[in-house]
């Protein structure tokens, strides 16, 4: 096995091992882009990972290959090649679903836009986890987010960048979000729907809303993998993402997070936010759902 992995390297290793990939994943590895026009895919392998998400969102029970990726292939993938590692694991999980950890059960999930600017939007929200001020660098931002939290352990699992926002960012650095037995890695952008959506907080003159909430796992109706975000990588390896240029130009708040905040730092800020929200009355802490 070579140390530098390309889509050709992965495909050849799969073919040589008798691994027949799902057609959409295989075609995406060849074409370098998935069929989703609102996804940012910096490399063909990221595109193939997004294609795997498309398959699982449409039909959560369908396998991503006819047989699993062998352990010897996975062991040969460099640790820094997160997209290839994640794709291999998702393929294997789709064939033999995980039964460990906190499980989310989801039917078909809607797609959501996850363009090149998603990291910029998440960056502003991440910054407010630690410093919930409305004004940064003379610009006003709504304090508006939800934290999907494991209520038993108190651990934050994912951050929604606004009440009613269509996506969440998985933020636990050592714990994947497992949906229908398939593990979605830390730093993934997921589409999300709750069983009931509501707005908590006060309206501002600009029409934005102020609200922070914790969301119990049982409040989730659906979760679907969209793509791997730049936040999955160490800060010094995020330059290939277009968000690096967008943020540098337009978003000084997000730039602070994007340039220096590791996923562990993001998670630590979320832990502080969870602790603060836990001290609020219960009706302000959690989303209400229809019985």
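Tabulated data for the structure shown
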item	result
Residue in segment 73-88 that is over 21 Å from residue 173 (Cβ atoms), surrounded by 16 or more Cβ atoms within 10 Å (Cβ to Cβ), touching a helix residue (DSSP H, G or I) at 6+ places or on another chain (Cβ under 6 Å) and not assigned by TED's automatic domain parsing to the domain that holds residue 191 present	yes
Any hit, segment 44-62, residues being surrounded by 16 or more Cβ atoms within 10 Å (Cβ to Cβ), at pLDDT below 95, more than 20 Å from residue 182 (Cβ to Cβ) and not assigned by TED's automatic domain parsing to the domain that holds residue 108	yes
Qualifying residue in segment 89-108 (condition: crowded, with 17+ Cβ neighbours inside 10 Å, in contact with a helix residue (DSSP H, G or I) (Cβ under 7 Å, 6 or more places away or on another chain), modelled with pLDDT under 90 and part of a helix (DSSP H, G or I))	no
Segment 251-289, residues that are over 20 Å from residue 186 (Cβ atoms), in contact with a helix residue (DSSP H, G or I) (Cβ under 8 Å, 6 or more places away or on another chain) and at pLDDT 60 or above	251, 253, 255, 256, 277, 278
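The values are calculated or read from the model by the stated rules, or taken from the named source; none is laboratory data. Just so it is clear, the model here is predicted, and its values are computed rather than measured. All Cβ positions, even for glycine, are placed from backbone atoms using ideal geometry, and neighbour counts span all protein chains on display.
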